[in-house]
Amino acid sequence: MDNLVDNLDTLLARIDPTRIPEHVAIIMDGNGRWAAGRGKPRSDGHAEGVSSVHEAVEFSSDLGIKYLTLYAFSNENWRRPRQEVDTLMYLIGWAIERELPDLIRNNVRIRLVGDIERIPADARRRLRDAERDTAGCTGLTLLMCLSYSARWELTEAARSLARRAAAGELDPADISEEMMADRLDTAGVPDPDLLIRTGGEHRISNFLLWQIAYSELYFTPVLWPEFGKEAYARAIIDFQSRERRFGMTSAQVSGLTSDSEK
Ligand code: FPP
């Protein structure tokens with residue numbers, strides 16, 4: 001049982017630095033409820049959520065995580081009230097521009113994932129600028145999923161393969177899992193080791209459906225604006241307690257571990 005009075009140093013001491021996940025993906029949920037609980041408009045929850053994004057990026061970078069994927073706006077989120085969508089788009093563009101010098105200083109590379117052409121022009125320009133200006137960064141890669149849904153991504157991949165088959169460039173019998181993965185927005189990025197969802201819901205909400213086939217899932221009731229480094233550290237500690245078998249038996253997995261340690 002986690003001790004609620006654990007401070008960050010105590011938690012950090014429990015993290016095994018040799019078993020840090022390479023890729024963490026996060027469904028950032030609970031901004032609206034955080035705001036409602038304080039009698040504030042939902043937009044205040046999103047604004048507060050930007051601070052948690054900053055902390056998550058910093059903590060991931062400090063731990064040596066190579067990829068952090070954040071679900072910032074789904075395809076389904078376009079259905080929210082116009083005013084909330086406008087505020088979110090403004091916040092995302094403003095936050096990325098404000099954070100850019102810090103991201104570059106910390107060697108963080110931004111990669112945009114999703115149907116970015118749907119993002120309003122001003123926010124899109126700031127996002128593309130950040131992607132371009134961090135292209136040479138070699139530390140943490142921050143994948144920002146915006147106007148993203150996994151079914152959209154998979155449908156696009158299927159279309160792309162179908163076009164090649166229709167043009168006679170590809171035999172459908174030769175289509176492989178690798179060819180599919182290469183056509184996803186996350187091409188070249190290893191699958192997430194750990195998927196975290198904040199805000200207490202236990203669902204995936206159309207996020208990275210292909211990529212999370214063998215990810216460890218971690219659900220926390222903590223609302224996103226309150227998800228700081230302590231809560232993130234608890235997720236990593238929990239992840240390190242899991243045995244990842246990838247369809248094999250426990251004995252096989254421990255055999256693999258001891259073989260690789262020889
Ligand atoms: C879900 O909470 C959160 C979102 C739809 C938006 C998340 C976006 C941010 C935190 C800002 C991102 C900024 C950058 C720079 C990436 P919700 O509104 O669904 O909360 P609820 O479930 O309590 O209603």
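Since every read-out is calculated from the coordinates, none of them should be taken as a lab result. Predicted model, so just to flag it, every value in this text is computed and none were measured. Counting neighbours? That spans all protein chains shown, and the Cβs are built from the backbone with ideal geometry, glycine included.
How long is the gain from V253 to D182 if the chain were fully straight, where each residue apart is worth 0.36 nm and the alpha carbon distance is subtracted?
On the way: separation 71, 0.36 × 71 = 25.56 nm, distance 2.76 nm.
Gain on stretching V253 to D182: 22.8 nm.
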Whose amide H sits under 5 Å from the amide H of T134, counting only residues 5 or more places off or on another chain, with H placed in the peptide plane? I110
Whole-Hz ³J(HN,Hα) from phi, Karplus 6.51 cos²θ - 1.76 cosθ + 1.60, for the stretch 33-47, glycine and proline x: 5, 4, 5, 4, x, 10, x, 10, x, 3, 4, 5, x, 5, 4
Taking amide H positions as placed 1.01 Å from N in the peptide plane, with prolines and chain starts having none, which residues 5 or more places from I26, or on another chain, fall under 5 Å of its amide H? T69, L70, Y71, I196
Taking amide H atoms as placed 1.01 Å from N in the peptide plane, list the residues 5 or more away in sequence, or in a different chain, whose amide H sits under 5 Å from that of T186. none
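Please tell me the relative contact order of the stretch 60-128 in percent, rounded to the nearest whole number, where contacts are Cα pairs under 8 Å and at least six residues apart.
Working: 27 pairs, mean separation 24.8, N = 69.
RCO, the stretch 60-128: 36 percent.
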Expected sort for 174-183, 72-81 on mean C-beta neighbours within 10 Å, highest first, is 72-81, 174-183
For the chain, what is the convex hull (Cα atoms) projected area averaged across all directions, in square nanometres? 17.1 nm²
Between the alpha carbon centres of the stretch 69-88 and the stretch 9-40 the gap in Å comes to 21 Å
With the contact rule set at Cα under 8 Å and sequence spacing of 6 or more, what percent relative contact order holds for the chain? 28 percent
If I build a Gaussian network model for the chain, linking alpha-carbon pairs within less than 10 angstrom, which residue out of L217, L184, L170 has the largest mean-square fluctuation? L170
Residue-averaged 222 nm ellipticity for the chain, from DSSP H runs of 4+ at -39500 (n - 2.57), nearest 500: -14500 deg cm²/dmol
In percent, what relative contact order does the stretch 127-215 have, based on Cα pairs under 8 Å that are 6 or more apart in sequence? 35 percent
Using the Karplus equation 6.51 cos²θ - 1.76 cosθ + 1.60 (θ = phi - 60°), what ³J(HN,Hα) coupling, rounded to whole Hz, does each residue of the stretch 166-182 give in order, writing x for Gly and Pro? 5, 7, x, 8, 8, 8, x, 5, 8, 5, 10, 4, 5, 5, 4, 4, 5
State the Cα centre-to-centre distance between the stretch 136-208 and the stretch 90-117 in whole Å. 20 Å
Distance histogram for the stretch 1-157 (every C-alpha pair counted, 5 angstrom bins, percent rounded to whole numbers): 2, 8, 16, 20, 20, 15, 11, 6, 3, 0
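With a/c under 1.5 counting as rounded, go ahead and sort the stretch 1-56 into rounded, prolate or oblate using the C-alpha gyration tensor (a ≥ b ≥ c being the square roots of the eigenvalues; past the cut-off, prolate if a/b is larger than b/c, else oblate). Intermediate results must be reported in sequence, preceding the final value.
Numbers: a/c = 3.08, a/b = 1.82, b/c = 1.69.
Because a/c hits 1.5 or more and a/b exceeds b/c, the stretch 1-56 counts as prolate.
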Ordered by packing density, taken as the mean number of other Cβ atoms within 10 Å over each peptide's residues, highest first, how do 154-165, 94-105, 52-63 rank? 52-63, 94-105, 154-165
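Which of the peptides 22-32, 243-253, 192-202 is most tightly packed, and how do the rest follow, judged by the mean count of other Cβ atoms within 10 Å per residue?
Per-residue Cβ counts within 10 Å, averaged per peptide and sorted highest first, yield 22-32, 192-202, 243-253.
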